[in-house]
Amino acid sequence: MGKHVSRAALWVAVLWLAPTGAGAFAAEPTRRFEVTASRYKFEPSRIEVTRGDVVDLVVRSADTDHGIAIKAFKVKVPIPKGGEPVAVSFVASRAGTFTIECSEYCGSGHKRMRGELVVAERAQ
């Protein structure tokens with residue numbers, strides 16, 4: 001688990017230190033969300049972005065081990081207990097409503113632990 005925490009801390013540092021409006025992601029807006037995972041919910045439970053946005057999630061657990069998965073965008077990251085932030089970044093490359101799931105068994109309500117990512121079409 002320590003390996004995940006070190007990698008998570010590095011990603012958080014990269015995301016916080018990355019210049020906004022310049023660099024590799026300059027072409028599209030970056031949307032950053034802080035997410036808390038706890039039995040048996042994500043807060044916020046709904047994330048809204050626009051197609052083409054770079055989505056940066058910084059996820060922490062409020063209680064036990066969790067995970068966050070968004071299959072449509074190949075996101076699957078463990079979230080360790082203890083509140084250590086874990087960062088994940090992806091491009092919302094297609095519009096639609098996508099399920100956010102807990103990918104680590106966290107108790108009897110694990111299968112109900114869901115949220116949603118809503119990706120709207122970009123206005124022309």
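Overview of results
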item: Table column - 3J(HN,Hα) (Hz), segment 65-81, Karplus curve with 6.51, -1.76, 1.60, x for Gly and Pro; result: 5, 9, x, 10, 9, 10, 4, 4, 10, 6, 9, 7, 9, x, 10, x, 5
item: Those lysines that a straight Cα-Cα span of less than 16 Å connects to Lys111, excepting residues fewer than 8 apart in one chain; result: Lys41, Lys71, Lys76
item: Nitroxide proxy distance, nm - points 7 Å out along Cα→Cβ at Tyr40 and Glu116; result: 1.9
item: Amide H within-cut-off set for Arg51, under 5 Å, with H built and near neighbours excluded; result: Ala120, Glu121, Arg122
item: 5 angstrom amide H check on Ile100, placed H, neighbours 5+ away; result: Gly115, Glu116, Leu117
item: Nonlocal amide H pairs with Val91, under 5 Å, H built at 1.01 Å; result: Val55
item: Ellipsoid equivalent to segment 53-120 - semi-axes via the Cα gyration tensor, in Å; result: 21, 14, 8
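Read-outs: derived from the displayed coordinates by stated rules, not from any lab. Source: prediction; values computed, not measured. Note: ideal-geometry Cβ built from the backbone for every residue, glycine included; neighbour counts use all protein chains shown.
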